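Here's the structure we're looking at; comments come further down.
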Amino acid sequence: AQSVSQHNHHVILSEAASLELGCNYSYGGTVNLFWYVQYPGQHLQLLLKYFSGDPLVKGIKGFEAEFIKSKFSFNLRKPSVQWSDTAEYFCAVNAGGSYIPTFGRGTSLIVHP
Amino acid sequence: NAGVMQNPRHLVRRRGQEARLRCSPMKGHSHVYWYRQLPEEGLKFMVYLQKENIIDESGMPKERFSAEFPKEGPSILRIQQVVRGDSAAYFCASSQRTGEGYTFGSGTRLTVV
């Protein structure tokens, strides 16, 4: 069974700091990869997704993620965070042939102004 | 486009009562998914439905939980004889096709007292 690991459960940064959130998965075949964000009290929103092509994916709000197949990773990055980026971030993976993505446990990001 | 609509937003039930959670998918979406979110545990898949069919219910508890997506009307997640451990946020998501990113609803926060 596929699994998704988000090793950083809680991250605290100051505004303008750079962000990288780790995501690793356990499936060796074709995958579809997603990052979702959940702002306090709100529903999950899709930040970005990777299906194929350029492994560097640009999403909304200045976020990007890089798919590194050899490392089974899909880390999320942002060069300069803002207070409004405070949220829970979830990585999700669809293994080839599966229609149900597996979600990571989530990373709680707090950005201090 | 109203997105995925879930109601109620908050639901309080006494132990032993029934809880009914409703989800109307995004217009044009025929795939509906239910997830449960517990604190510090991320999102856990429960069930995947298409109109009038349960496609995958591997994440549903065997007892007390059921789901339907009738030809007309919203998808319903039904929890009979609720217990305190059922307290959680229940999210519905929809998609136009399998394997692509979801659109999530705002969730129903169930509290069992």
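Structure notes:
- Spatially close lysines, pair count over chain A: Cα under 17 Å, gap of eight or more or interchain: 6
- Stokes-Einstein D (µm²/s) once Rh is taken as the Kirkwood radius of the stretch A:59-113 over alpha-carbon pairs, at 37 °C in 0.692 mPa s: 253
- Peptide A:28-35 is shielded by partner chain Cβ atoms: per residue, an average of 1 of them sit within 10 Å of its Cβ.
- Amide H to amide H distances under 5 Å link B:V47 with B:W34, where only residues 5 or more positions off or on other chains count and H is placed in the peptide plane.
- Counting only other chain Cβ atoms within 10 Å of each residue's Cβ, the peptide B:92-104 averages 5.
- Share antiparallel - DSSP beta bridges, chain A, percent rounded to 5: 85
- Taken one residue at a time, the phi angles of the stretch B:93-108 give Karplus couplings (6.51, -1.76, 1.60, θ = phi - 60°) of 9, 9, 8, 7, 9, 6, x, 9, x, 8, 10, 9, x, 7, x, 10 Hz. Gly and Pro are set to x.
- In summary, the convex hull built on the alpha carbon positions of chain A has an orientation-averaged projected area of 6.7 nm².
- Prolate/oblate/rounded call for the stretch B:1-104, Cα gyration tensor, a/c under 1.5 rounded: prolate
- Per DSSP, loop GluC sites (Glu not before Pro) in the stretch B:30-86 with at most 14 further Cβ within 10 Å: B:E40, B:E41, B:E52, B:E63, B:E72
- Residue-by-residue Karplus 3J(HN,Hα) for the stretch A:102-113, coefficients 6.51, -1.76, 1.60, Hz, glycine and proline x: 9, 9, x, 5, x, 10, 8, 10, 10, 10, 8, x
- Annotation: peptides A:79-91, A:60-72, ranked by per-residue average of other Cβ atoms within 10 Å with the highest first, follow the order A:79-91, A:60-72.
- Cα centroid separation, the stretch A:64-113 to the stretch B:1-55: 23 Å.
- Nonlocal amide H pairs with A:L47, under 5 Å, H built at 1.01 Å: A:W35, A:Y36, A:V37
- Here the Karplus relation 6.51 cos²θ - 1.76 cosθ + 1.60, evaluated at θ = phi - 60°, turns the backbone of the stretch B:16-33 into coupling constants of x, 7, 9, 10, 10, 10, 10, 9, 9, x, 4, 4, x, 9, 10, 10, 10, 10 Hz, with x for every Gly and Pro.
- Segments B:4-10, B:104-110 sorted - mean Cβ within 10 Å per residue, highest first: B:104-110, B:4-10
- Shielding score for A:49-56, defined as the mean number of other chain Cβ atoms within 10 Å: 1
Quick note: the coordinates plus some simple rules give every number you see, no bench work behind them. Being a predicted model, the structure only gives us computed values, none of them experimental. When we count neighbours, we look across all protein chains shown, and the Cβ atoms used for this are built from the backbone with ideal geometry, even at glycine.
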